[in-house]
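See below for the structure under consideration.
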Amino acid sequence: HANEAITGVEKQKQAITAQRNELSAEVAQMGNAEALKARIAELEQRETELANEYEKIEAQLFQIEEFMKVKCELLEEKINSHFELVTFKLFDTQVNGAIVETCEVLVNGVPFSTGLNNAARINAGIDIINTLSKHHEVSAPIVIDNAEAVTKLIDTDAQVIRLIVSAADKTLRVVTGEVLASV
């Protein structure tokens, strides 16, 4: 009977040890759960802080974009105030609101590169030459090819050399001064 009693006690000991291990595992899981809950709360707090910081940055970005738009408008306005005929479109606003640099010459809102006839292009060029000449305090002769396309040139202080196609003239003819006004 002693062997049976020892075997029974050992079985009880094993059962108690197994029960103790299960309880220890449950306690460890409870400790982990508490640690995880604390970590979740910490991360939720950090999420709130980051959301607030993100909102501040978004507000600053909006202010910067508004500043850039106003700055671009003022720059265009200042540059365009120096010209009589042409205006310059220096910035494009894309669909997403971003501002992209460009440089397009306009005459009455019509692009120089695509919508102007020869006369308007020539006068636009003279306007640009007049402004740059005044700014740099220099004057150079202006040679206008295909000048027959222009009935009225805008005023300029520069000497103007007009090249005109004439079916009646078989050789080069040079006309100067007041005679030019009647041609």
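The values are calculated or read from the model by the stated rules, or taken from the named source; none is laboratory data. Because the structure is predicted, anything quoted here is derived from the model rather than measured. As a convention, Cβ positions derive from the backbone with ideal geometry for all residues, glycine included, and neighbour counts pool all protein chains shown. These accessible areas exclude ligands, DNA and RNA; they are computed on the full protein's heavy atoms, side chains included. Shrake-Rupley method; radii C 1.70, N 1.55, O 1.52, S 1.80 Å.
Determine whether the stretch 68-88 contains at least one residue that is open to solvent by 100 Å² or more (accessible area, probe 1.4 Å), part of a helix (DSSP H, G or I) and either farther than 30 Å from Asp155 by Cα or among the hydrophobic types (A, V, I, L, M, F, W, C) (or both). The answer is yes; a qualifying residue exists. Sub-8 Å Cβ pairs linking a first residue in the stretch 93-116 that is closer than 23 Å to Phe83 by Cα and open to solvent by 50 Å² or more (accessible area, probe 1.4 Å) to a second residue that is among the aromatic types (Phe, Trp, Tyr) and not in a strand (DSSP E or B), at least 6 apart or interchain, are Glu104/Phe112, ordered by first then second residue.
Total residues in the stretch 44-82 satisfying the condition of being touching a residue at least 24 places away in the same chain (Cβ under 8 Å) and over 20 Å from the mean Cα position of the chain (by Cα): the figure is 1.
Restricting the first member to the stretch 125-137 and to residues that are under 18 Å from Val105 (Cα atoms), and the second to residues that are of a type in the set (Val, Ile, Thr) and loosely packed, with under 15 Cβ neighbours inside 10 Å, the beta-carbon pairs closer than 9 Å and six or more apart or on different chains are Ile126/Ile154; Ile126/Val160; Asp127/Ile154; Asn130/Ile154; Leu132/Val138.
Among the residues of the stretch 132-156, those that are over 15 Å from Glu84 (Cβ atoms), open to solvent by less than 90 Å² (accessible area, probe 1.4 Å) and of a type in the set (S, T, N, Q) comprise Ser139, Asn146. The condition of being surrounded by 10 or more Cβ atoms within 10 Å (Cβ to Cβ), more than 25 Å from Thr93 (Cβ to Cβ) and modelled with pLDDT under 90 holds for only one of Glu47, Glu34, Glu53, that being Glu34. Condition (residue is in contact with an Asp or Glu (Cβ under 6 Å, 6 or more places away or on another chain) and under 30 Å from Gly109 (Cβ atoms)) applied to the stretch 73-83: is it met by at least one residue? Yes, because at least one residue in the stretch 73-83 is in contact with an Asp or Glu (Cβ under 6 Å, 6 or more places away or on another chain) and under 30 Å from Gly109 (Cβ atoms).
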